[in-house]
């Protein structure tokens, strides 16, 4: 009898030592959640928030109403008539400072005639959700809202408040979005860390291979090329036509290649990708810092525009202005050149390099406003990247998780400048050709990837908000 009592007490002690699931903490029905999030995303896409003019207010209201029904406290914040943002809070029980998830509600404009599916339809065709903003950035907004709704309904214990901020004006200057909030509502950003767009989950064929957490981004710089010449009647063309000079200058610019900059983060990124490449490409990806092969390998990899943007500063002409009458040769012509600058290159150095590339052409490189200081990179040995790693271990355990300096700029730069750690991760696994529909015609997101993103956002928020690392 004594032995039986001892065994019983030992079994009881073991049961008491096991973790007890929180009330209502069972695994959500992700199939149902994905369907609900898809309906929300379609509703957001149908709202034309092209910037300019923006008009994000209806999208802010839609998200606010959805999350209010789920039990979050929401407020709509207007920075100008029609330019609205939404802030929602899921209260936590613990003392940790809040985590904020951001997603912008404005989108870039479209030429509907070039779309196979109406750009503001949110239509489902061939397993894809079609429409402007499904990738940039309404998909993330919908997936995040659904994840927060799932956490609110399950009443899981949270060590911190979880905030959602749907922002305005990201696709333009940001002056009516995050910058406006930082000036007029700075208390909103009394947070521990932020998760935003900017990072990527890359698929090769059907395999998730790399999760790239954006903790840094290239600097956005607009330069101007100004060509001068002799004006006159178009019936008497000469050799000093500024439009011709500008065209030649742009051709030289297109041929110019900045030196590669290969740091530890770049090496880790390409090292992860090397595992799914053919042997010659994999060799180059793992020898970028080799003194004898690195330069050639960088040039080979740079044939891929995505890889090129990660390896070096890039400059691309985006706007050309010249002339005012069909029968008049103008005295000047100019082009806007958008540069995405890697590292700590300063403006005079960049301008001088481009001026040298133009050679003896009568074309001058001019700078616009002051660049300002480069925001510091956010540390990767921090709680939010750790939560992302744990979430990916559950959903795609074979995928490498690395840091990422994004070619594009995001609202995270404003937070980093103020000392707030900010990270980027678009939560949808994408093939390279799918990423190129962002800002392009026929933007689309597969339903399978969207469902993955809903579950991933839930896992990230559950991990980051849990009082202890969640199982």
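The values are calculated or read from the model by the stated rules, or taken from the named source; none is laboratory data. Everything numeric in this text was worked out from a predicted model, so none of it was measured. Here the Cβ is made from the backbone with ideal geometry for all residues, glycine too, and neighbour counts use every protein chain on show.
Only one of these conditions is not met by residue 418: (1) in contact with a strand residue (DSSP E or B) (Cβ under 9 Å, 6 or more places away or on another chain); (2) in contact (Cβ under 8 Å) with a residue 60 or more places away in the chain; (3) under 21 Å from residue 218 (Cα atoms). Which number is it?
Here residue 418 meets the rest and fails (1).
Is there a residue in segment 156-164 that is closer than 22 Å to residue 27 by Cβ, within 15 Å of the chain's Cα centre (by Cα) and either in the same structural domain as residue 441 (by TED's automatic domain parsing) or buried (at least 20 other Cβ atoms within 10 Å of the Cβ) (or both)?
No, there is no match, as no residue in segment 156-164 is closer than 22 Å to residue 27 by Cβ, within 15 Å of the chain's Cα centre (by Cα) and either in the same structural domain as residue 441 (by TED's automatic domain parsing) or buried (at least 20 other Cβ atoms within 10 Å of the Cβ) (or both).
Looking at (1) out of contact with any strand residue (DSSP E or B) (no Cβ under 8 Å at 6 or more places or on another chain); (2) farther than 30 Å from residue 231 by Cβ; (3) outside any helix (DSSP H, G or I); (4) modelled with pLDDT of 95 or more, find the lone condition where residue 258 falls short.
(1)
Being touching a helix residue (DSSP H, G or I) at 6+ places or on another chain (Cβ under 6 Å) and over 24 Å from residue 82 (Cα atoms) is the filter; apply it to segment 97-128 and report the residue that is surrounded by the most Cβ atoms within 10 Å (Cβ to Cβ).
So the residue we want is 99.
If you scan segment 320-353, which residues turn out to be more than 37 Å from the chain's Cα centre (by Cα), surrounded by 13 or more Cβ atoms within 10 Å (Cβ to Cβ) and not in a strand (DSSP E or B)? It would help to see each step written out before you state the result.
In the first step, residues of segment 320-353 are kept if they are more than 37 Å from the chain's Cα centre (by Cα); the result is 323-332.
From what's left, surrounded by 13 or more Cβ atoms within 10 Å (Cβ to Cβ): 323, 329-332.
Selection gives 323, 330, 331.
Based on what the data block shows, is residue 244 outside any strand (DSSP E or B) and either surrounded by 18 or more Cβ atoms within 10 Å (Cβ to Cβ) or modelled with pLDDT of 95 or more (or both)?
Judged against the criteria, residue 244 is a match.
Going through 385, 379, 427 one at a time, which residue ends up being in a loop (DSSP other than H, G, I, E, B), over 30 Å from residue 117 (Cβ atoms) and touching a strand residue (DSSP E or B) at 6+ places or on another chain (Cβ under 9 Å)? Can you show your working first?
On the way: 385 fails: in a loop (DSSP other than H, G, I, E, B); 427 fails: over 30 Å from residue 117 (Cβ atoms).
When all the criteria are applied, what remains is 379.
Looking at the structure I just gave you, is residue 127 over 23 Å from the mean Cα position of the chain (by Cα), at pLDDT below 95 and more than 25 Å from residue 411 (Cα to Cα)?
Numbers: over 23 Å from the mean Cα position of the chain (by Cα): yes; at pLDDT below 95: no; more than 25 Å from residue 411 (Cα to Cα): yes.
Judged against the criteria, residue 127 is not a match.
Give me the residue from segment 354-375 that is closer than 20 Å to residue 253 by Cα and free of Cβ contacts under 8 Å to residues at least 24 places away in the same chain and, out of that set, surrounded by the fewest Cβ atoms within 10 Å (Cβ to Cβ). Don't jump to the end; show me each part of the working.
The first filter runs over segment 354-375 and keeps only residues closer than 20 Å to residue 253 by Cα, leaving 354-368.
Next cut, free of Cβ contacts under 8 Å to residues at least 24 places away in the same chain only: 355-356, 360.
Working: 355: 14, 356: 10, 360: 5.
Restricting to residues being closer than 20 Å to residue 253 by Cα and free of Cβ contacts under 8 Å to residues at least 24 places away in the same chain, the top hit is 360.
How many residues are under 21 Å from residue 454 (Cβ atoms) and within 19 Å of the chain's Cα centre (by Cα) when one looks only at segment 373-398?
Summing the residues that are under 21 Å from residue 454 (Cβ atoms) and within 19 Å of the chain's Cα centre (by Cα) in segment 373-398 gives 7.
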